[in-house]
Every structure is written in structure tokens, then in C-alpha cells.
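Worksheet: the structure to be examined is printed underneath.
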Ligand SMILES: Cc1cc2nc3c(=O)[nH]c(=O)nc-3n(C[C@H](O)[C@H](O)[C@H](O)COP(=O)(O)O)c2cc1C
């Protein structure tokens with residue numbers, strides 16, 4: 001069965017709510033979804049997944065140091081995440097506080113791993129991933145579910161098939 005790993009950091013719970021919705025979407029897309037805080041996720045979780053979705057709060061216009069540390073540790077599995085499907089999500093305090101630059105920073109790391117990134121061309125999702133301002137509202141939760149479902153669908157076709 002296609003496996004989608006959702007890893008997140010969240011200090012005050014906003015990104016955590018998004019992570020749960022991404023995992024729900026991945027399940028709706030027919031995948032097994034594994035939802036883990038960054039402290040709990042292992043390198044084996046990364047190598048064992050077909051799709052990987054990473055979420056972090058926006059800190060100073062980029063991903064939180066906690067999630068950056070998690071990504072830095074993934075250098076130990078460099079070469080083993082190639083061709084997996086990737087996507088990103090973030091919660092920021094302000095709508096123009098750097099949420100898209102945060103998504104791009106996460107996606108850059110995924111590209112360096114040789115992963116294949118999933119975005120969204122439509123207004124209902126985020127072009128570079130899912131975004132919430134503060135706690136996710138209903139439309140942000142829809143975007144998160146949609147992102148998870150999309151990762152599951154692509155992972156099934158590209159990785160599992
Ligand atoms: C150290 C720190 C830096 C932050 N920097 C930004 C920022 O640059 N832009 C922004 O819009 N929000 C910023 N915020 C606000 C958080 O992104 C926002 O509160 C977010 O919803 C927190 O997510 P969480 O509940 O998952 O921890 C910052 C918060 C902290 C604690």
C-alpha cells in the first residue's frame with residue numbers, strides 16, 4: 001500500500017492541525033498515512049515512505065529551526081529519497097509574513113533530495129503548498145486535505161506502481 005509520511009513542527013498547534021488534515025487527505029487518496037512530530041520521525045520513516053509532506057510554522061520568513069534541523073539530519077539518507085513525492089505546508093502569523101518563502105525553502109530541500117514536488121494550480125489550494133494564517137480555517141483545511149490526497153495519488157502512480 002502507498003505510504004505517505006507527514007512530519008511537522010508546531011509550537012502552538014496551528015501547523016499540527018494542518019498536519020492532521022494533510023494526513024486525512026492522504027487517507028482519502030487511498031494511502032496509509034503516518035503522522036509524526038519532527039522529534040518522533042526517524043530516518044527509516046523517511047526512507048520507508050512513498051510520499052513525504054513536511055510542515056513547519058513560518059519563523060522570520062522561513063521554516064522553523066526545529067524543522068530545518070530535522071531536514072539537516074536527513075542528509076544521512078541522501079540518495080535514498082530520490083523520486084519520492086514531496087509537498088509542504090506552513091502556518092504564519094501574517095498573510096504576507098513569509099509563508100510562501102517558507103514553502104519554497106522546504107521544497108528546495110526536497111529537490112536536493114531528488115524528490116518530485118506536488119503543487120496546486122487552482123485557487124482552492126496553495127500554488128507552492130498549503131498555507132494557513134494562524135489556526136487553519138475551513139478553506140485552509142480543505143487545501144491541506146487536497147494536498148495530502150494529491151500526494152497520495154501521485155505517489156501511487158509514480159512510486160508504488
Ligand atoms: C520565533 C517566531 C518567529 C516568527 N516569525 C514569523 C514571521 O516571520 N512571519 C509570520 O507571518 N509569522 C511569524 N511567526 C508567527 C508564527 O508563524 C505563527 O504564530 C504560526 O501560526 C505558529 O504556528 P504553530 O501554532 O504551528 O506553532 C513567528 C513566531 C515565532 C515564535
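Just so it is clear, none of the values below were taken in a lab; they were calculated from the coordinates. Note that the coordinates shown come from a computational prediction; the quantities given were computed from them, not determined experimentally. Don't worry about glycine lacking a Cβ; one is built from the backbone with ideal geometry, like all the others, and counts go over all protein chains shown.
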| message | I need 106, 71 ordered by Cβ neighbour count within 10 Å, fewest first. | response | 71, 106
| request: For every helix of n ≥ 4 consecutive DSSP H residues, a contribution of -39,500 (n - 2.57) applies; sum these over the chain, divide by its total residues, and give [θ] at 222 nm rounded to the nearest 500 deg cm²/dmol. | output: -12000 deg cm²/dmol
| query | Looking at region 35-160, what % of its DSSP beta bridges pair antiparallel, to the nearest 5? | reply | 15
| query | How big is the equivalent ellipsoid of region 86-161 along its three axes, where each semi-axis is √(5λ) from the Cα gyration tensor, reported in whole Å from largest to smallest? | reply | 22, 15, 8
| request: Specify, per residue and in Å³, the volume enclosed by the convex hull of the alpha carbon atoms belonging to the chain. | output: 89
| said: Can you order the peptides 39-46, 13-20 by their average number of other Cβ atoms within 10 Å per residue, highest first? | reply: 13-20, 39-46
| Per-residue Cβ neighbour rank within 10 angstrom, fewest leading, 80, 145 | 80, 145
| note | Note to self: C-alpha centroids of region 137-161 and region 42-84 sit apart, in Å, by 17
| remark: Final fewest-first order of 5, 111 on the 10 Å Cβ neighbour count is 111, 5
| task | Springs between alpha-carbon atoms under 10 Å, Gaussian network over the chain: tell me which of 101, 124, 47 tops the mean-square fluctuations. | result | 124
